[in-house]
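Data block below; observations after.
The values are calculated or read from the model by the stated rules, or taken from the named source; none is laboratory data. Nothing here was measured: the structure is a model prediction, and the numbers come from that model. Neighbour counts are summed over all protein chains in view; Cβ atoms, including those assigned to glycine, are modelled from backbone coordinates with ideal geometry.
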Amino acid sequence: MAFGKYNGSMRAPIGIIGGSGLYRMEGLALDRAVEVDTPFGEPSGPVHLGALDGAPVAFLARHGEGHRFTPSEVNYRANIWALKSLGAERLISVSAVGSLQARHQPGDLRLVSQFIDKTRHRQDTFFGGGLVAHVSFAEPTCADLSSALLEAGRNLALPVEGNALYVCMEGPAFSTRAESRLHQSWGADLIGMTQVTEARLAREAELCYACIALVTDYDAWREEEEGVDATSVLEVMHANVDKAQRLLRKVVRQLSGAARPCACGEALKTALFSAPEAVAPEARQRLDLLVAKYGYGVAG
């Protein structure tokens, strides 16, 4: 496998972001790992390009190789930008989550449809600095991509369900018992530390986004149990990774080369608020990848 800087010639329409425990893709025939320069700094690490059962894929480890970044330290903007620049149109994210309801058991897979955002220390938009956009985020994940994952999971007889509500907390510490009981009382299903930030940026980048949430624990709401700790999370996470790998392989084969039937690819069409003549050249240059097709880019 070769390493090097991205030269603009490689395209991977399906991107995968691996979370805790998923640092590489089983069965991914790697061609090369590329370092991608972005206007927002360095991604978490090199993007691994290759083929998963013949389908072109770009894979990135969210927390860096060796798990070096906390959820707050991850450069989400650079990660999403890097995958977009490599041709990604669909983005499947994998992450460990805690369960807030008894029916979601450690070892289960859940597909997220809604978020409650409790983060507070992150850069979660590409816009600002001379160009303003307000994307629609009422439905924060792609229903078509999530449906494909759900159907594939059921065909594989995996313990998967859809339509989960995910609370995204800042971390890196886990919840207090009071917080956990509060989130449970809201009717939320899952709690994690990463997904809503990726989902917001994926929408601005006009990517279809879906989250495979791997349930590892019951958070802290069960008084009869010890609170969650990293060791127990990792033990269940490693057992869950095989399920996620199987699901990803089936879906990637199915979606490779298929047209997108959703509106995710036009999320910015009605979102750009700035008058074109008011946009500074440096903003056009910085955001050209996202906005050129709407006349706001360098040539606009």
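The residues listed here are LEU131, LEU145; of these, the one that is under 30 Å from ALA292 (Cβ atoms), over 17 Å from the mean Cα position of the chain (by Cα) and not basic (Lys, Arg) is LEU131. For segment 106-121, taking the residues that are among the basic types (Lys, Arg) and over 15 Å from the mean Cα position of the chain (by Cα), the one that is modelled with the lowest pLDDT is identified as ARG120. Scanning segment 188-199 finds one or more residues that are part of a strand (DSSP E or B) and not small (Gly, Ala, Ser).
If only residues of segment 274-300 that are outside any helix (DSSP H, G or I) and in contact with a Gly (Cβ under 8 Å, 6 or more places away or on another chain) are counted, the one that is surrounded by the fewest Cβ atoms within 10 Å (Cβ to Cβ) is ALA280.
Scanning segment 61-80 for residues that are closer than 21 Å to CYS264 by Cα and either polar (S, T, N, Q) or touching a Pro at 6+ places or on another chain (Cβ under 7 Å) (or both) yields a count of 2. Among the residues of segment 29-38, those that are surrounded by 15 or more Cβ atoms within 10 Å (Cβ to Cβ) and either within 19 Å of the chain's Cα centre (by Cα) or under 16 Å from ILE80 (Cβ atoms) (or both) comprise VAL34, VAL36, THR38. Just one of (1) under 19 Å from the mean Cα position of the chain (by Cα); (2) farther than 30 Å from GLY297 by Cβ fails for VAL196. It is (2).
Could you count how many residues in segment 39-74 are of a type in the set (Ser, Thr, Tyr) and either surrounded by 23 or more Cβ atoms within 10 Å (Cβ to Cβ) or in contact with a Lys or Arg (Cβ under 9 Å, 6 or more places away or on another chain) (or both)? Selection size over segment 39-74: 2.
Residues in segment 147-173 that are touching a residue at least 40 places away in the same chain (Cβ under 8 Å) and in contact with a Gly (Cβ under 7 Å, 6 or more places away or on another chain): PRO159, VAL160, LEU165, TYR166, CYS168. When each of PHE115, PHE126 is tested for being part of a loop (DSSP other than H, G, I, E, B) and of a type in the set (A, V, I, L, M, F, W, C), the lone residue that passes is PHE126.
Could you tell me which residue of segment 200-242 is modelled with the lowest pLDDT, considering only residues that are in contact with a Ser or Thr (Cβ under 6 Å, 6 or more places away or on another chain) and assigned to a helix (DSSP H, G or I)? Taking the candidates together, the pick is VAL233. In the set (1) modelled with pLDDT of 95 or more; (2) buried (at least 20 other Cβ atoms within 10 Å of the Cβ); (3) more than 13 Å from the chain's Cα centre (by Cα), the condition left unmet by ARG77 is number (3). The set of residues in segment 147-174 being closer than 19 Å to ARG103 by Cβ and either assigned to a strand (DSSP E or B) or not hydrophobic (A, V, I, L, M, F, W, C) (or both) consists of GLY153, ARG154, PRO159, VAL160, GLU161, GLY162, ASN163, ALA164, LEU165, TYR166, VAL167.
Only one of these is more than 29 Å from PHE174 (Cα to Cα) and either modelled with pLDDT under 95 or part of a strand (DSSP E or B) (or both): ARG68, ARG24, ARG32. Name it.
When all the criteria are applied, what remains is ARG32.
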